[in-house]
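Undergrad: Dumping the structure here so I can ask a few things about it.
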């Protein structure tokens, strides 16, 4: 108990900043050289201002090879772009699947329960176009990867 109380007192003194003054340090005579200071060691530490500490920027991404698409596949890609996709003919299978899923959620008729019959018919046509375009491009992405 006494130790805990003493430790608590010391901790309070340290946190408050008050406490017994530190005794002056005795000089180390007889070492033959000056006592190294913190400034001496800071010179060898890396600094954010020195170029050696700065990491080089990552290399630019390598461009993906473009595909030669048939007219039907190019029309399918154009349908994807018309429906709101941001992709070009250098897509991967994962990108195609991700874009298809996001557009399918947007254009599926069951995702709009409060819409009128005319709006649902329009959504149904767009969803069918999207699905046909996906089926056309899915064969390209699987065989080209």
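Undergrad: Rounded to the nearest 0.05, what FRET efficiency do residue 116 and residue 81 give with R0 = 30 Å and r taken as the Cβ-Cβ distance? Could you check?
TA: Details: r = 27 Å, r/R0 = 0.91.
Computed FRET efficiency for residue 116 and residue 81 comes out at 0.65.
Undergrad: Hey, fewest Cβ within 10 Å first, where do 92, 55, 116 land in order?
TA: Working: 92 13, 55 5, 116 9.
Least crowded to most crowded, the residues run 55, 116, 92.
Undergrad: If only Cα atoms are counted, what is the Rg of the stretch 71-144, and what is its Dmax, in Å?
TA: Here Rg and the maximum Cα pair distance are 12.7, 41 Å.
Coordinate-derived values only; no laboratory data. This is a predicted model, so every value here is computed, not measured. Don't worry about glycine lacking a Cβ; one is built from the backbone with ideal geometry, like all the others, and counts go over all protein chains shown.
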